[in-house]
């Protein structure tokens, strides 16, 4: 079996810091970059972002929905962008938020996490709200191939609050239940001291106490959208995540991509420096 994703991710964070550059080709950003709002524009946008990110950060996160807009041509562009990123030694998190049951969920896992698949990524975001157990097949595929999953646990959008903060029969919030079940699965595979390969999506603006969350073991990566344009700053990382801050992937998209193709590398460098100052503080 390949090296576990949790340990590969840990090494990337140690080497390059927490910043993850989102590849989110909004139509408005394509226009601002002087690119057409079509599959060729997506391809150029993605490849330029990969080129700027390479050697500066350890992780990129393509938002699949923006590529899906153009059907098969969009997927072809996504395949090329992800392959280029992985060739550049960037870890690729496919932000597709897949979630289903049985063989359908297994097929999603195979599509995104099987080595040699056209859509091969290093990790995939998944939705557990059909039941965390429904993700078992995808978890098995990830474990077999040294890949990772990021399970939605506590998101910052207000529409999710009622469901995710609800208290289940266990006496925990739904968010806390998700973390507990996935953490138990991580413990089955992670050796002592290793990070789990099934991580969590926890918004950077989420109040952990309100969500019923606490530090968990084994350590596992936390994909934290909400930095940058959505309000959280590098200086907030330790305050918001406490003892789990070393595991945080700070995902930023528009705050960096708005710099345009000419200023993109400098924008990444500046943001990386801000996170480095937090580490030194």
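Work out, step by step, the length gained on full extension between residue 110 and residue 236: first 0.36 nm times the residue separation, then minus their alpha carbon distance; give nm to one decimal.
Values: separation 126, 0.36 × 126 = 45.36 nm, distance 3.65 nm.
Fully extending the segment from residue 110 to residue 236 adds 41.7 nm.
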Please give the FRET efficiency for residue 270 paired with residue 165, using the beta carbon to beta carbon distance and R0 = 45 Å, rounded to the nearest 0.05.
-> 0.80
Roughly what % antiparallel, to the nearest 5, for the DSSP beta bridges in region 5-280?
-> 5 percent
When only Cα pairs under 8 Å and 6 or more residues apart are kept, what is the percent relative contact order across the chain?
-> 20 percent
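R0 = 35 Å: FRET efficiency of residue 214 with residue 51, Cβ-based, nearest 0.05?
It comes to 0.30.
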Where Rh denotes the Kirkwood radius from the mean inverse Cα pair distance, what is Rg over Rh for region 175-281?
-> 1.02
Most fluctuating residue given options 143, 239, 26, as computed from a GNM of the chain linking Cα atoms under 10 Å = 239
Among 60, 181, 248, the residue with the largest mean-square fluctuation in a Gaussian network model of the chain built from Cα contacts under 10 Å is 181
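Could you work out [θ]222 nm for the chain from helices alone, using -39500 (n - 2.57) per DSSP H run of at least four and dividing by all its residues? Round to the nearest 500 deg cm²/dmol.
Mean residue ellipticity at 222 nm (helix-derived): -13500 deg cm²/dmol.
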With N residues in the chain, what two-decimal value do you get for its Cα radius of gyration over 2.2 N^0.38 Å?
-> 0.95
Rounded to the nearest 10 degrees, what's the angle between the helix 39-53 long axis and the longest principal axis of the chain, both from Cα atoms, 0 to 90?
-> 70 degrees
What angle do you read, to the nearest 10 degrees and between 0 and 90, between the alpha-carbon axis of helix 71-87 and the longest principal axis of the chain?
-> 80 degrees
With no solvent and one point on each alpha carbon, what is the Debye value of log10 I(q)/I(0) for region 125-168 at q = 0.20, 0.21, 0.27, 0.34 Å⁻¹?
-> -0.70, -0.74, -0.97, -1.24
Provide the gained length on full extension for the span residue 83 to residue 11, in nm with one decimal, where the gain is 0.36 nm per separating residue minus the Cα-Cα distance.
-> 23.9 nm
State the extension gain, in nm to one decimal, for the chain segment bounded by residue 157 and residue 103, taking 0.36 nm per residue of separation less the distance between their alpha-carbons.
-> 16.5 nm
Between residue 129 and residue 207, what is the label-to-label distance in nm when each label sits 7 Å out along the Cα-to-Cβ direction?
-> 2.1 nm
How big is region 23-98 on each of its three principal axes, counting only the C-alpha atoms and giving the largest first in Å?
-> 29, 28, 17
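Where a number appears in this text, it was derived from the coordinates with a stated rule and is not lab data. In this text, all values refer to a predicted model and were calculated from it rather than measured experimentally. In this analysis, Cβ positions are derived from the backbone assuming ideal geometry, glycine residues included, and neighbour counts consider all displayed protein chains.
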